[in-house]
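Right, one structure below, let's go through it.
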Amino acid sequence: MLPILYIIIPCYNEEKVLPITSGMFLDKIRELVDAQKISDDSRILFVNDGSKDRTWEIICELAQQDKHYQGICQSRNRGHQNAVLAGLMEAKDVCDITISIDCDGQDDINAMNDMVDAYADGCEIVYGVRSKRDTDTFFKRFTAEGFYKLMNWMGAEVVFNHADYRLVSSRVLQEFANFKEVNIFLRGMIPLVGFKSTSVYYERHERIAGESHYPLKKMLSLAFDGITSLSVKPLHMITGMGCGIALLSFCAVIWSIIVQVTGHAVAGWASMTSIICFIGGVQLICIGVLGEYIGKIYMEVKHRPRYIISDRTQKREDD
Ligand code: UDP
Ligand code: MG
């Protein structure tokens, strides 16, 4: 039996891109079907992430044109990670494999052939890894690579240069559905499920049209989410830093006693204020980091739904 593939594509304000890339995805499905690698029941599942432009209308039109297109609509914009999750959860019971990919044509869709082959060889997860970033601007490359290094340094292990272009089998998704957390960072969580995995390499292109929705600010917040949802290393670092500073302060106390006893005490205003400011600053940072974790716990205990699907595309009349 040939596996049923669902390509999961999150879309947010992509009216310029969708009409171009949707055809490319369909061609890829047809090519894989013709090569007898996947079943003809395979689908392209668009997840409209509360777009404010014509994205959803375009998805509905596509669904009427070809049975391979399907779409779900989130009730509002919830961000890329939640959109992908919604698509994966929608697909997990009706397919054998999913491939998540952005809709902007940046990730080379030909890597899907290798992914499907790797699945046929027994891998349940196949990570798409960017082999080079020549087309990215220096700034994007620098910040993006810094992102992976920071993540790993902070204890959130992620596959270097892998974003959210990956094949995941429905077997893995069934297990992944038991990960109930609200703060989701898929590329760090999927490896936690385990199972046999491998990587395929591809070149990343420029966006076909439109603009990136991941400016530096969003990237930093994604990195922060990743670190705090996968690792408690910052808390350990705070403890370590606290011990170091306590030791330094202890030495400073001894030093000030010696100075006092030997009668060389001076006004000492400058050193006093700087120490107070320094300790105050360090304490505030530490409280801030603790607060971030408490904030995450607060979000988790509320157990709010991670996505809400408001609409689905209709089946075509002749299907
Ligand atoms: N996206 C989304 N919700 C958002 C932001 C982005 O579903 O709130 C989608 C977007 O349509 C695209 C993918 O996530 O398919 C990646 O976004 P983008 O290309 O802007 O990010 P970049 O590739 O620049 O990191
Ligand atoms: Mg992109």
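Conditions tested, residue by residue: (1) small (Gly, Ala, Ser); (2) out of contact with any Asp or Glu (no Cβ under 6 Å at 6 or more places or on another chain); (3) within 16 Å of ligand 2 (Cβ to nearest atom); (4) farther than 21 Å from ILE97 by Cβ.
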position: ILE4; (1), (2), (3), (4): no, no, no, no
position: VAL17; (1), (2), (3), (4): no, no, yes, yes
position: ILE20; (1), (2), (3), (4): no, yes, yes, yes
position: PHE25; (1), (2), (3), (4): no, yes, yes, no
position: GLU31; (1), (2), (3), (4): no, yes, no, no
position: GLN36; (1), (2), (3), (4): no, yes, no, no
position: ILE44; (1), (2), (3), (4): no, yes, no, no
position: LEU62; (1), (2), (3), (4): no, yes, no, yes
Open item on the list: For the range 116-129, give me each residue that is buried (at least 21 other Cβ atoms within 10 Å of the Cβ) and within 16 Å of ligand 1 (Cβ to nearest atom).
Closed with: GLY128
TODO: Pick out the one residue from ASP164, ASP136, ASP104 that is part of a strand (DSSP E or B) and either within 16 Å of ligand 1 (Cβ to nearest atom) or charged (D, E, K, R) (or both).
DONE: ASP164
TODO: Among the residues of the range 83-107, count how many are more than 16 Å from ligand 2 (Cβ to nearest atom) and over 15 Å from the mean Cα position of the chain (by Cα).
DONE: 10
Open item on the list: Please verify whether GLY226 is surrounded by 15 or more Cβ atoms within 10 Å (Cβ to Cβ) and outside any helix (DSSP H, G or I), treating the condition exactly as stated.
Closed with: no
- [ ] Note down all Cβ pairs under 8 Å where the first residue falls in the range 40-55 and is surrounded by 24 or more Cβ atoms within 10 Å (Cβ to Cβ), the second is of a type in the set (Lys, Arg), and they're at least six residues apart or on different chains.
- [x] ASP49/ARG78
Open item on the list: Can you find, within the range 180-219, the residue that is nearest to ligand 2 (Cβ to nearest atom) among those that are outside any loop (DSSP other than H, G, I, E, B) and exposed (fewer than 14 other Cβ atoms within 10 Å of the Cβ)?
Closed with: LYS218
Task: Of the criteria (1) in contact with a Leu (Cβ under 7 Å, 6 or more places away or on another chain); (2) without any contact (Cβ under 8 Å) to a residue 40 or more places away in the chain, which one VAL116 fails - done: (2)
- [ ] Grab the helices (runs of 4 or more DSSP H) fully contained in the range 1-99, keeping just those with 3 or more residues being under 20 Å from LYS315 (Cβ atoms), of a type in the set (A, V, I, L, M, F, W, C) and away from ligand 1 (no atom under 16 Å from the Cβ).
- [x] 18-34
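Per-residue answers, yes or no, for (1) modelled with pLDDT under 95; (2) on the phi > 0 side of the Ramachandran plot; (3) touching a helix residue (DSSP H, G or I) at 6+ places or on another chain (Cβ under 9 Å); (4) hydroxyl-bearing (Ser, Thr, Tyr):
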{"residue": "ASN110", "(1), (2), (3), (4)": "yes, no, yes, no"}
{"residue": "ASP136", "(1), (2), (3), (4)": "yes, no, yes, no"}
{"residue": "GLY155", "(1), (2), (3), (4)": "yes, yes, yes, no"}
{"residue": "ALA163", "(1), (2), (3), (4)": "yes, no, yes, no"}
{"residue": "VAL168", "(1), (2), (3), (4)": "no, no, yes, no"}
{"residue": "GLU181", "(1), (2), (3), (4)": "yes, no, yes, no"}
{"residue": "PHE185", "(1), (2), (3), (4)": "yes, no, yes, no"}
Open item on the list: Exactly one of these conditions fails for VAL259: (1) surrounded by 13 or more Cβ atoms within 10 Å (Cβ to Cβ); (2) within 23 Å of MET154 (Cα to Cα). Give me its number.
Closed with: (2)
Open item on the list: If I ask for residues that are touching a Phe, Trp or Tyr at 6+ places or on another chain (Cβ under 9 Å) and of a type outside the set (D, E, K, R), which ones from the range 187-214 would you list?
Closed with: MET189, ILE190, PRO191, LEU192, VAL193, SER197, THR198, SER199, VAL200, TYR202, HIS213
Open item on the list: Cβ-Cβ distance below 7 Å, separation of 6 or more or different chains: which pairs start in the range 202-216 with a residue that is closer than 14 Å to ARG141 by Cα and hydrophobic (A, V, I, L, M, F, W, C) and end on one that is in a helix (DSSP H, G or I) and more than 9 Å from ligand 2 (Cβ to nearest atom)?
Closed with: LEU216/THR143
Task: Within the range 231-258, tally of residues that are among the β-branched types (Val, Ile, Thr), closer than 30 Å to LEU186 by Cα and in a helix (DSSP H, G or I) - done: 2
Open item on the list: Kindly evaluate VAL158 against the criterion of being closer than 25 Å to SER131 by Cβ, of a type in the set (Val, Ile, Thr), in contact (Cβ under 8 Å) with a residue 40 or more places away in the chain and out of contact with any strand residue (DSSP E or B) (no Cβ under 8 Å at 6 or more places or on another chain).
Closed with: yes
Open item on the list: Filter the range 130-159 down to the residues that are of a type in the set (A, V, I, L, M, F, W, C) and surrounded by 14 or more Cβ atoms within 10 Å (Cβ to Cβ) and list them by number.
Closed with: ALA144, PHE147, LEU150, MET151, MET154, ALA156, VAL158, VAL159
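The values are calculated or read from the model by the stated rules, or taken from the named source; none is laboratory data. These figures come from a predicted structure and were not determined experimentally. All Cβ positions, glycine included, derive from the backbone under ideal geometry; neighbour counts span all protein chains shown.
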